[in-house]
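What follows draws every value from the coordinates through simple rules; no lab data is involved. Not measured: the values here are computed from a predicted model. Glycine gets a Cβ as well: all are built from the backbone with ideal geometry, and neighbour counts include every protein chain shown.
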Amino acid sequence: MPKVTYIEPSGNQVEIDVPVGWSVMQSAMSNGVEGIEAECGGSCACATCHCYVESHADVVPAAGETELSMLGNVVAERKPNSRLCCQIKMTPELEGLVVRFPDAQS
Ligand code: FES
């Protein structure tokens, strides 16, 4: 199972095995990772699963139009590597992915 390292706002790092097909958000929520709220449950409607993708920039599929639009609603600074992690589905190619959560989601 591919591993993802989540960096919480405190800097604490949590490494989790994420089932292929799960979203990066689902695994964070299931494991109690700090720094994510995911209020809409993954339907790309809340922008509280904002993360910064710190690795695999050329492997993570590009954001779709809805996600790009919702990224305009994030509370923390939007950066070039900002994503909504409910929209990143785990694949074997994402083994070792590192995502960082911002200081605030809402
Ligand atoms: S969980 Fe709501 S946009 Fe990702």
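Mind counting the residues in the range 78-95 that are buried (at least 18 other Cβ atoms within 10 Å of the Cβ) and not in a strand (DSSP E or B)?
6
Search the range 1-30 for residues being within 16 Å of the ligand (Cβ to nearest atom), touching a residue at least 24 places away in the same chain (Cβ under 8 Å) and more than 15 Å from Val53 (Cβ to Cβ), and hand back the single one that is surrounded by the fewest Cβ atoms within 10 Å (Cβ to Cβ).
Here the residue is Trp22.
Here's a check for you: in the range 31-42, which residue that is more than 9 Å from the ligand (Cβ to nearest atom) and in contact (Cβ under 8 Å) with a residue 12 or more places away in the chain is surrounded by the most Cβ atoms within 10 Å (Cβ to Cβ)?
Within the range 31-42, the match that is surrounded by the most Cβ atoms within 10 Å (Cβ to Cβ) is Gly35.
Identify all residues within the range 43-100 that are touching a helix residue (DSSP H, G or I) at 6+ places or on another chain (Cβ under 7 Å), within 13 Å of the ligand (Cβ to nearest atom) and either at positive phi or free of Cβ contacts under 8 Å to residues at least 12 places away in the same chain (or both); write none if there are none.
Cys44, Ala47
Go over the candidates Val75, Val4, Val98, Val14 one by one and state the one that is among the aliphatic types (A, V, I, L, M) and in a loop (DSSP other than H, G, I, E, B).
The unique qualifying residue is Val75.
Restricting to the range 46-62, give me the number of residues that are surrounded by fewer than 18 Cβ atoms within 10 Å (Cβ to Cβ) and aliphatic (A, V, I, L, M).
Qualifying residue count, the range 46-62: 3.
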